[in-house]
Amino acid sequence: MTQQRKSVHGSWSNRLAFVLAATGSAVGLGNIWKFPYIAGENGGGAFVLVYLVCIGLIGIPIMMAEVMLGRRGRQSPINTMRTLAAEANAHPAWRWLGWAGVIAGFLILSYYSVIAGWALAYVFRSMAGVFDGATADGVGSIFTQLTEDPERLLAWHTIFMVMTMVVVARGVKSGLEQAVRFLVPALFVLLIMLDGYAMASGAFQQGLDFLFTPDFSKITANGVLIAMGHSFFTLSLGMGAIMVYGSYLPDRTSVARTSIIIALLDTLVALLAGMAIFPLVFSNGLEPGSGPGLIFQTLPIAFGHMTGGDLFGTLFFVLLVFAAWTSAISLIEPAVAWLVENKGMTRVHASVYAGAATWGMGLVTILSFSHWSDFHPLSFISIFEKYTVFDLLDYLTANIMLPLGGLAIAIFSAWVMRRQDSVQELDMGDGPAYRLWHFLVCYVTPVAVVVVFLNVTGIVEF
Ligand code: TRP
């Protein structure tokens, strides 16, 4: 542990606060919105298996590495990387890792906020009883009415960005810690209830089979990359979000145990969401591969038919908004921390600048669902044939930038940082646990990322 450095932004009140904040960052739209639809698009079981393996072998070790680097550097990821590179006598260019993270966070938040806007819109639709007795067709048209209307999307996106910037301006500690404390348990309870409903829906077994019976003929090289990219996305890794949260972490905390808890909670939420959604997909004759609208076109059917569905639906979408909110904050925190450290801004100013830029970038995503819905800029590359600008933005960030960020973090922690420093900072001795971690970040992550990339480009095939 380094007693000499202190974060200028303050620190978490205790370990629980960090666990809650990091869990809040990890659990978000990625688990409930994205995981089911990408699992559906990529054939189910085999995809889920690859994703789980990536969480265990890459996600948890990289999360430990990020927390460790953040806590040792105690600054925004850009300055943390600069400080730690100097400490290890490495090239100052390592600070570019921090920059890449800021850019990735900015791009991700720009579309994340638009999707969170859908969830906000659905809070009010559920409340108004719009889904009562709804059929799959009815729910489908409610969804397209929303997404094909750029003005409405803009309004919800604006509201969500303002909500995010208000919390960020006040600092991560006040507000955020409190919100997550009740959010995560409540989300669990609601998801379990939805699973109960799905169990009674008649197609529960079919849903489970789809999710948990791997059929490797259904997964492509690109599917493997998407599963790996998602393991970074869902744990908020590869861009400095967990690093910056780690920089506010009190000294004596078990990094390993904390990371494992966070990863388990996150995975559980994703699996519970998948188990609620796929039975409904099958019992209503919907397509598992129907894309980003999947949860918005399935769950409302359940809410429309259960007793008290308006109330549960409202509650569910409120929780989804909260989950997205606590994640969004972490996407912008590295940029805000940097503006405060290097540009001498107050948190309020920094939040306004960073938020306004992200808001503007969000227009690209909004248009992707309406005026640009037939615009496929990279259609000459076969895997991107049907990709809209939003799809490409998501692909670039989640499947390229985050794994590359993770690769760089792995190389830095295992190959550049002095071993004695990582031993000291991880604080679990030099025994088998440390060696396992070191082996995973030293070899497994780099090799996995490189092989998966090469495999997608067709240079190597396995
Ligand atoms: N993990 C969040 C989710 O699953 C999204 C997120 C928050 C994120 N912070 C991040 C993704 C940092 C990548 C990097 O919804």
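Looking at (1) crowded, with 23+ Cβ neighbours inside 10 Å; (2) charged (D, E, K, R); (3) more than 16 Å from Asn31 (Cα to Cα), can you tell me which one Asp266 breaks?
It fails just one condition, (3).
Return yes when Phe47 is within 15 Å of Met275 (Cα to Cα), away from the ligand (no atom under 11 Å from the Cβ) and touching a residue at least 60 places away in the same chain (Cβ under 8 Å) and no when it is not.
Spelling it out, Phe47 is indeed within 15 Å of Met275 (Cα to Cα), away from the ligand (no atom under 11 Å from the Cβ) and touching a residue at least 60 places away in the same chain (Cβ under 8 Å).
If Ser25 meets every condition in (1) closer than 19 Å to Ser76 by Cβ; (2) assigned to a helix (DSSP H, G or I); (3) in contact with a Gly (Cβ under 9 Å, 6 or more places away or on another chain); (4) not aliphatic (A, V, I, L, M) apart from one, which number is that one?
Ser25 satisfies all of (1) closer than 19 Å to Ser76 by Cβ; (2) assigned to a helix (DSSP H, G or I); (3) in contact with a Gly (Cβ under 9 Å, 6 or more places away or on another chain); (4) not aliphatic (A, V, I, L, M) except (3).
Determine whether Arg5 is at pLDDT below 95, part of a helix (DSSP H, G or I) and more than 15 Å from the ligand (Cβ to nearest atom).
It is false that Arg5 is at pLDDT below 95, part of a helix (DSSP H, G or I) and more than 15 Å from the ligand (Cβ to nearest atom).
Quick check on this structure: which one of Asn42, Asn31 is among the polar types (S, T, N, Q), within 16 Å of the ligand (Cβ to nearest atom) and buried (at least 23 other Cβ atoms within 10 Å of the Cβ)?
Matching residue, one of Asn42, Asn31: Asn31.
Tell me the residue from Val444, Val452 that is touching a helix residue (DSSP H, G or I) at 6+ places or on another chain (Cβ under 7 Å), in a helix (DSSP H, G or I), within 20 Å of Ile38 (Cα to Cα) and in contact (Cβ under 8 Å) with a residue 24 or more places away in the chain, please.
Just a single option satisfies the conditions, and that option is Val452.
Residues Ala21, Ala116: which one is farther than 30 Å from Ser290 by Cβ, within 16 Å of the ligand (Cβ to nearest atom), small (Gly, Ala, Ser) and surrounded by 23 or more Cβ atoms within 10 Å (Cβ to Cβ)?
When all the criteria are applied, what remains is Ala21.
Hey, can you tell me all the residues within the stretch 139-149 that are assigned to a helix (DSSP H, G or I) and either of a type in the set (A, V, I, L, M, F, W, C) or surrounded by fewer than 17 Cβ atoms within 10 Å (Cβ to Cβ) (or both)?
Once the filter is applied, which keeps residues that are assigned to a helix (DSSP H, G or I) and either of a type in the set (A, V, I, L, M, F, W, C) or surrounded by fewer than 17 Cβ atoms within 10 Å (Cβ to Cβ) (or both), the stretch 139-149 yields Val139, Ser141, Ile142, Phe143, Thr144, Gln145, Leu146.
Which numbered condition in (1) surrounded by fewer than 22 Cβ atoms within 10 Å (Cβ to Cβ); (2) within 18 Å of the chain's Cα centre (by Cα) is the only one that Val48 fails?
Against the list (1) surrounded by fewer than 22 Cβ atoms within 10 Å (Cβ to Cβ); (2) within 18 Å of the chain's Cα centre (by Cα), Val48 comes up short only on (1).
Give me the pairs: first residue in the stretch 114-125 and in contact (Cβ under 8 Å) with a residue 40 or more places away in the chain, second residue small (Gly, Ala, Ser), beta-carbon distance under 7 Å, and six or more apart or on different chains, which are they?
Val114/Gly362; Ala116/Ala324; Ala116/Ala328; Ala119/Ala324
Quickly run through the stretch 340-375 and pick out the residues that are touching a Phe, Trp or Tyr at 6+ places or on another chain (Cβ under 6 Å) and within 14 Å of Thr388 (Cβ to Cβ).
Of everything in the stretch 340-375, those that are touching a Phe, Trp or Tyr at 6+ places or on another chain (Cβ under 6 Å) and within 14 Å of Thr388 (Cβ to Cβ) turn out to be Thr365, Ser368.
If we scan the stretch 59-82, do we find a residue that is modelled with pLDDT of 95 or more, more than 16 Å from the ligand (Cβ to nearest atom) and within 30 Å of Ala276 (Cα to Cα)?
Taking every residue of the stretch 59-82 in turn, at least one turns out to be modelled with pLDDT of 95 or more, more than 16 Å from the ligand (Cβ to nearest atom) and within 30 Å of Ala276 (Cα to Cα).
Of the residues in the stretch 291-320, how many are surrounded by fewer than 22 Cβ atoms within 10 Å (Cβ to Cβ), in a helix (DSSP H, G or I) and not polar (S, T, N, Q)?
Residues flagged as surrounded by fewer than 22 Cβ atoms within 10 Å (Cβ to Cβ), in a helix (DSSP H, G or I) and not polar (S, T, N, Q) within the stretch 291-320 amount to 7.
Inside the stretch 379-394, can you point out the residues that are away from the ligand (no atom under 12 Å from the Cβ) and in contact (Cβ under 8 Å) with a residue 12 or more places away in the chain?
If the condition is that a residue be away from the ligand (no atom under 12 Å from the Cβ) and in contact (Cβ under 8 Å) with a residue 12 or more places away in the chain, then Ile383, Thr388, Val389, Phe390, Asp391, Leu392, Leu393 are the ones that fit.
Considering only residues that are more than 16 Å from the ligand (Cβ to nearest atom) and of a type in the set (Asp, Glu), which ones fall in the stretch 331-360?
Glu341, the sole residue that qualifies.
What number of residues within the stretch 358-399 are polar (S, T, N, Q), surrounded by fewer than 16 Cβ atoms within 10 Å (Cβ to Cβ) and assigned to a helix (DSSP H, G or I)?
Counting residues in the stretch 358-399 that are polar (S, T, N, Q), surrounded by fewer than 16 Cβ atoms within 10 Å (Cβ to Cβ) and assigned to a helix (DSSP H, G or I) gives 1.
The values are calculated or read from the model by the stated rules, or taken from the named source; none is laboratory data. Keep in mind the model is a prediction, meaning the values are calculated, not measured. Every residue, glycine as well, gets a Cβ built from its backbone with ideal geometry; the counts of neighbours run over all protein chains shown.
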